[in-house]
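The values are calculated or read from the model by the stated rules, or taken from the named source; none is laboratory data. Only a predicted model underlies this, so the values are computations on that prediction, with no experimental measurement involved. Here the Cβ positions follow ideal geometry from the backbone for every residue, glycine too, while neighbour counts run over all protein chains shown.
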Amino acid sequence: MPSAHTASTVRSPRFGDDWWQRGIVYQIYPRSFADADGDGFGDLQGIIDHLDHVGPDGLGIDAIWLSPIYPSPGLDVGYDVSDHTTVDPLFGTDDDFDRLVEEAHGRGIRVVLDLVMNHTSDQHPWFVASRASRTGPFADW
């Protein structure tokens, strides 16, 4: 059931603001965790479908940590990110992500994203801009 909680008000039944120091964090590799649409790849809906298994009444975790869910050409199993601002269609939509966060927060589960800024694809806009000009603003990238 969705909850009216937001990221700033989610409270674990066990910990307060120090959840990240003492809580249990369960890493999920979305590509293989659970495939809700039957295309052979895990997706955000698959994670939503299993939140009760990992939450307070299941494994009892305080947060899920998602391996990269950003668009990627897939040359480094998703760690070669080409856009850090949206969800890879392989996993669903931005709305699916919003629903995942809402569903997780409603169960007292925080969501942590693996923001891999040092793992960017050569197709990322800043690398494209770097290759475009030897004198442009990204030339020394």
Checking Thr93 against (1) in contact with a Lys or Arg (Cβ under 8 Å, 6 or more places away or on another chain); (2) over 28 Å from Gln21 (Cα atoms); (3) at pLDDT 90 or above, only one condition comes out false. Which one?
(1)
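Can you name the helices (runs of 4 or more DSSP H) wholly within the range 33-133 that have at least 2 residues being β-branched (Val, Ile, Thr)?
Values: elements: 44-49, 51-54, 94-106, 125-132.
Per the criteria, 44-49.
For residues that are small (Gly, Ala, Ser) and surrounded by fewer than 21 Cβ atoms within 10 Å (Cβ to Cβ), tally how many sit in the range 73-92. Can you show your working first?
We begin by selecting, within the range 73-92, every residue small (Gly, Ala, Ser); these are 74, 78, 82, 92.
If we keep only those that are surrounded by fewer than 21 Cβ atoms within 10 Å (Cβ to Cβ) too, we end up with 74, 82.
Total satisfying the criteria: 2.
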So for the range 55-72 (the condition being modelled with pLDDT under 95, under 21 Å from Pro125 (Cβ atoms), charged (D, E, K, R) and crowded, with 19+ Cβ neighbours inside 10 Å), does at least one residue qualify?
no
Select, from Asp80, Asp95, Asp52, Asp88, the only residue that is under 16 Å from Phe33 (Cβ atoms), within 15 Å of the chain's Cα centre (by Cα) and charged (D, E, K, R).
Asp88
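Would you pick out the residues in the range 93-107 that are among the small types (Gly, Ala, Ser) and either within 15 Å of Tyr29 (Cβ to Cβ) or surrounded by fewer than 20 Cβ atoms within 10 Å (Cβ to Cβ) (or both)? Full working, then the answer.
Filtering the range 93-107 down to residues among the small types (Gly, Ala, Ser) leaves 104, 106.
If the condition is that a residue be among the small types (Gly, Ala, Ser) and either within 15 Å of Tyr29 (Cβ to Cβ) or surrounded by fewer than 20 Cβ atoms within 10 Å (Cβ to Cβ) (or both), then Gly106 is the only one that fits.
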